[in-house]
Every structure is written in structure tokens, then in C-alpha cells.
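Read the figures in this text as sums done on the coordinates, not as results from a lab. Just so it is clear, the model here is predicted, and its values are computed rather than measured. As a convention, Cβ positions derive from the backbone with ideal geometry for all residues, glycine included, and neighbour counts pool all protein chains shown.
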Amino acid sequence: MSIHTFGRDNTFVIQPSGDMSKPSLLELDALLQTALEEGMQNIIFDFTDLTYISSDGLRIILDAIKKLPSKDYPVAIVGMKPAVRSLFEVGGFMELINEFTDIEDAFSSFH
């Protein structure tokens with residue numbers, strides 16, 4: 001997995017590609033922790049190029065959600081493929097996030 005990130009307007013965007021499984025999760029966790037320490041208020045996960053996420057990946061996302069200052073849907077997901085979406089549904093994550101078709105709509109939801 002490779003991960004591209006950028007920040008804009010207190011929002012941290014993570015764009016992973018490939019499989020989000022155990023070997024790459026340390027990098028994901030470190031990136032999220034740094035973003036939170038830098039005061040990011042919202043997170044957008046752009047899953048357009050993500051093919052798989054493990055249960056450990058879901059746990060890291062849940063931990064980040066719990067650490068965000070706002071509890072009013074501070075996380076958005078864009079481009080979720082059906083296989084990835086089903087894991088989020090089974091895990092009950094869809095109640096904690098907003099899903100959008102593109103990044104600009106996700107940004108707009110936070111402002």
C-alpha cells in the first residue's frame with residue numbers, strides 16, 4: 001500500500017492505494033497521530049484506489065475518530081468500493097462517518 005496525504009482547512013486527507021493490511025498499518029497510524037497532534041479537526045479518507053482494508057485498519061480508523069475533538073461526524077469517506085463498504089457496514093462504522101462521491105463534497109460538509 002502507498003499513502004498520499006495532504007491538509008486543507010483543518011482537514012486531513014488520506015489517499016491510500018492497494019491493500020490496507022498489517023504491514024502498512026504502522027504508517028497509517030503514525031500519519032493519523034501526527035495529523036491529530038497538529039490540530040486537524042476532520043479527516044477525509046479517499047478510498048478510490050483502496051482494494052482491501054483489514055480489521056486492524058478499521059480499528060486504527062475508529063481510534064482516530066474517537067480522538068477527534070468534534071463528535072459530530074468529523075470523518076468522511078470518498079470512493080468506497082463495495083467490498084470495502086461491506087466491511088464498514090458489518091463493523092457498524094457507517095453510523096460514524098459520512099460517505100461522499102467526491103472530495104470537494106466532503107470538504108463542503110465540514111464548513
Share of pairwise Cα separations in region 56-111, more than 13 Å, in percent: 61
Gaussian network model of the chain, Cα within-10 Å springs - most flexible of V13, V78, V90: V90
Length added when fully stretched, Y52-S108, from 0.36 nm per residue minus Cα-Cα: 17.5 nm
Anchor K66: aspartates and glutamates whose Cα lies under 15 Å away (excluding residues fewer than 8 positions away in-chain): D29, E37, E95
Residue exposure sequence - H4, H111 - by fewest surrounding Cβ within 10 Å: H111, H4
Computed lengthening from R85 to L26, 0.36 nm per intervening residue step minus Cα-Cα distance: 19.0 nm
Region 12-111: GluC sites (Glu not before Pro) falling in loop per DSSP and having at most 11 other Cβ within 10 Å: E38
Over the chain: Kirkwood hydrodynamic radius from C-alpha pairwise inverse distances, Å: 13.7
Using θ = phi - 60° and Karplus 6.51 cos²θ - 1.76 cosθ + 1.60, couplings along region 82-99 (whole Hz; Gly, Pro as x): x, 5, 6, 4, 5, 5, 5, 5, 4, x, x, 6, 5, 6, 9, 10, 10, 10
Point-charge dipole on Cβ atoms (K/R +1, D/E -1) for region 2-109, about Cα centre, debye to 20: 260
